Amino acid sequence: MLDVEALETFYGPSQALFGVDLQVAAGEAVALMGRNGMGKTTTIRSICRLTPPRRGRVRLDGRDLAGLPAHRAARLGLGLAPEGRRCFPNLSVEENLTATARPGPWDRARVETLFPRLAERRRQSARTLSGGEQQMLAIGRALMTNPRLLILDEATEGLAPVIRHEIWAAVHALKQAGQALLVVDKSLRELLPVADRCVILEKGRSVWTGRPDQLTPALRDRWLGV
Ligand code: ATP
């Protein structure tokens, strides 16, 4: 469904990605991994065309995203809950959700079932939410677009254990429901059980892909150790 080939991305003159390949099949959950600064967020931004790649190809359901502005790529089925959980702070929770709504199985009621806290906070402005609730809202906003692929970038970073647990439970539920996922998270303990496949980045290149059970301690040490 998502097919990324030989991506190379620059920030001005400085090259951040040197050749990233990755695929996500329908219904598959892929963990995008690698130490700090290896290019995970840049890969996501490149796929979503927020930082368009200079070389390589991104195809979604066979359609090449080259040349599209980010909002058009989003409309083709990329739902991103970005790092830093950006929502509209002055809009209510409900308004934040309806702002991104597109037709499909995900509507506000279903998002509120997945995240009951959002139903409790429906009329509050997003600014008044806790960090974890804002993250739930960011995921909810992405789901409201009814994406083919849901992309989560550090969805549990800096959150309290109880909230992390709720978010991971939601991610597992999404996977059960057949939602295709591309997930970046620092917690391998929580990330690996949800992943069908892992892609590891090293210095802007994809260097390993395989199932979580194939990720031996030696491989972890080599690519993910500090
Ligand atoms: P982290 O886990 O720390 O977020 P990451 O794997 O997501 O790391 P990226 O944020 O994609 O890595 O960074 C990849 C490289 O691109 C790094 O060398 C980083 O310094 C550089 N980089 C990221 N954002 C920018 C930017 N806005 N301008 C210039 N260089 C950047």
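The values are calculated or read from the model by the stated rules, or taken from the named source; none is laboratory data. As the structure is a computational prediction, the values presented were derived from the model and not from experiment. Don't worry about glycine lacking a Cβ; one is built from the backbone with ideal geometry, like all the others, and counts go over all protein chains shown. Just so you know, the surface numbers come from the protein's heavy atoms only, side chains and all, with ligands and any DNA or RNA stripped out. Shrake-Rupley method; radii C 1.70, N 1.55, O 1.52, S 1.80 Å.
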Residue among A31, A16, A6 that alone is within 8 Å of the ligand (Cβ to nearest atom), in a strand (DSSP E or B) and in contact with a strand residue (DSSP E or B) (Cβ under 6 Å, 6 or more places away or on another chain): A16
Of all residues in the stretch 168-206 being away from the ligand (no atom under 12 Å from the Cβ) and acidic (D, E), the one that is farthest from D153 (Cα to Cα): D196
First in the stretch 94-112 and on the phi > 0 side of the Ramachandran plot, second anywhere and modelled with pLDDT of 95 or more and not in a helix (DSSP H, G or I), Cβ under 6 Å, 6 or more apart: G104/N146
Considering residues of the stretch 50-69 that are in contact with a Leu (Cβ under 6 Å, 6 or more places away or on another chain) and within 16 Å of the ligand (Cβ to nearest atom) only, the residue most open to solvent (accessible area, probe 1.4 Å): G56
Close pairs (6 angstrom Cβ cut-off, 6 or more residues apart or separate chains): at positive phi in the stretch 121-147, surrounded by fewer than 23 Cβ atoms within 10 Å (Cβ to Cβ) anywhere: N146/R102; N146/G104
Close pairs from the stretch 197-226: first in contact (Cβ under 8 Å) with a residue 24 or more places away in the chain, partner basic (K, R) and part of a helix (DSSP H, G or I), Cβ under 7 Å, at least 6 apart: L201/K40
Residues satisfying the stated conditions in the stretch 148-163, i.e. out of contact with any Asp or Glu (no Cβ under 8 Å at 6 or more places or on another chain) and in contact (Cβ under 8 Å) with a residue 60 or more places away in the chain: L149, L150, I151
